[in-house]
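The values are calculated or read from the model by the stated rules, or taken from the named source; none is laboratory data. If you're wondering where the values come from, they're calculated on a predicted model, not measured in any experiment. Note: ideal-geometry Cβ built from the backbone for every residue, glycine included; neighbour counts use all protein chains shown.
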Amino acid sequence: MSSNIAITRVCDYCKKQFTARTTRTRYCSHTCNSRAYKALKRSEKVEISNQVTVQLLNAALEKAKAMEYLSVSQTSLLFGISRRTIYRLINQGQLNIAKFGKRSVLRRCDLEAFFTVDVIENSLDPVQQFRGLENCYTISEVQKKYKVSSGALYLLIQSQGICKYSVGRYTYVARRDMDIIFNAAGV
């Protein structure tokens, strides 16, 4: 049904201005209407495909949750960390593995114990861990005292697993840890 009114509208698809004869008109032409419909159907298909993918990933996750021994891929999926990080933890000796041919498997209880201890240790704030900042060195103090570059110091801190904390604009490490490492090295 047409009317004598003329309303200026903007097409929902092409965003061009047009004159509509009804208040419900959304598109400037049949072509824009068809294209918008096809785009809507295409996005619905993509959404359905994404939902199927999520369901498959969730199925793999649910399967991994029920298993006692996990592969590296299942472990990365279950804990949300990369496979490379897991291999790095294995190489550092922080995670125990069993080898079956070329396949590495990890016990679930070992993984949960490792991540539980890690969360508890990292939950302490610097004042609780070091009993105050007076028992700490800043990174620059360690560099000056032991005559070591910043790159070598950070590599040493990372390789030894020493806790460092940023408070304000300074990064602190425990004096006790630094003194032990550098005295053991004979510096």
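Evaluation of LYS145 against the conditions (1) charged (D, E, K, R); (2) closer than 26 Å to ARG88 by Cα; (3) at pLDDT 85 or above shows that the sole unmet condition is (2).
Taken over the stretch 149-175, the criterion of being basic (Lys, Arg) and surrounded by fewer than 14 Cβ atoms within 10 Å (Cβ to Cβ) is satisfied by ARG169 alone.
Within the stretch 85-106, the residues that satisfy the criterion of being surrounded by 10 or more Cβ atoms within 10 Å (Cβ to Cβ) and among the charged types (D, E, K, R) are ARG88, ARG103.
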